[in-house]
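Coordinate-derived values only; no laboratory data. Keep in mind the model is a prediction, meaning the values are calculated, not measured. Methodologically, a virtual Cβ is constructed for each residue, glycine included, from the backbone with ideal geometry; neighbour enumeration extends over all protein chains shown.
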Amino acid sequence: MTTTFITADQSRDSADRSLKGIVELDTDSSWAIESAEVAATLAEYYGAGVTGSALSPPVVPADLRAKLRASAPSLTSLTDRIQAEFDNGACGIFVSRLGLAGLDVDQRRKSVFALAALLGNVTETEPVDHRVIWDVRPQEEELRKFSHFSESDREAQYHTDSTIVPIPERYFLLYAVQQAECGGGLSTLRDGRVVREQLQETAEGRDALRVLTDTPLPLRIPRAFREKYGYKTKHGYITIPIFAEKPMWRWRRDKIEQGLVANPEYATDEVRAALNTVDALLAEPGGVTTPVPTDGLVIIDNHVSFHGRTSFTDPRRHLLRIRFNELS
């Protein structure tokens, strides 16, 4: 499947409105990530025996970032280009070939971790073992430990990540160790700023934005996260606006529905109409649908973008996910 993106040297003003923030960055394969230098830097910082799957958030992110900038100038140059695109208004950046295909998976984990650590402050993916890298690959249903889209081969409808976090991570990346070869597992991306503009063009859309701003809705906080984020809720639910300033969108329709079922007093006709209006717009054509090819990378601004994935059947599909906050 071929999808047309805005390339880094094109004008966003001349592009299809739905694609204005979605950029393809061409690395020209003229550089190589300094995997040995990255591994040595991480070993110095974390200890000689550290594996890519065990990497945790650095105690002092700026210290690790300075070491990586000194030891990996080519990788630093790439991350500076990526940051410049986000500064210029990108909501998602695709890189079709990162240059790691010849490395083993542990080396790839370390290199992608270093890329994220240069761009921002990486966060742990769950509060138990504090690992940063999450392996996105399908699990048999009885083996799934979490209700994440990342353990399923089913469709993941448009959503945003970390909806329960007080301030969700600004960015996350997905690196493809192995893309699905069944024709499925395609990534979908939509600029939430364009969705907002489209909603503002109709009375129903304006009403939806007003309701989702003024009416916080209940979301369940998993027990393991309540202590981490200081939630004192007795029943496991907090109320959060779905549309706001930072982030612009908190959208997990399945989780929102769970909250409304458990707290039916929030499920008013007005709320239902607002949610359905957004859903209907997201079902219309727009944004991109594309594979993240093996050795490809996508980085998404989680505060303004909706993303998802089509279903797939290839059990070898394997992506690495890292979430991170912007530099303060």
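One quarter of the convex hull surface built on the alpha carbon atoms of the stretch 25-98 amounts to 5.8 nm², the projected area averaged over directions. Per-residue ellipticity at 222 nm from helix content only, as computed over the chain with -39500 (n - 2.57) for each DSSP H run of at least four residues, stands at -9500 deg cm²/dmol. Less than 5 angstrom separates the built amide H of Thr294 from those of Gln179, all sequence-distant by 5 or more or on a different chain. Modelled spin-label separation between Ala84 and Val128, with each label point placed 7 Å from Cα along the Cα-to-Cβ direction: 4.3 nm. Over the stretch 271-324, the hull volume per residue, using the convex hull of the C-alpha atoms, is 138 Å³. Computed across the stretch 196-282, the Kirkwood radius stands at 13.6 Å (inverse of mean 1/r, all Cα pairs).
Converting phi to 3J(HN,Hα) with the Karplus coefficients 6.51, -1.76 and 1.60 and the offset θ = phi - 60°, the stretch 151-166 yields 9, 10, 9, 7, 4, 10, 5, 3, 7, 10, 8, 6, 4, 8, 6, x Hz in sequence order, with x at every glycine or proline. Ranked by the mean number of other Cβ atoms within 10 Å of their residues, highest first, the peptides 113-121, 175-183 fall in the order 113-121, 175-183. Volume per residue for the chain equals 139 cubic angstrom (convex hull of Cα atoms).
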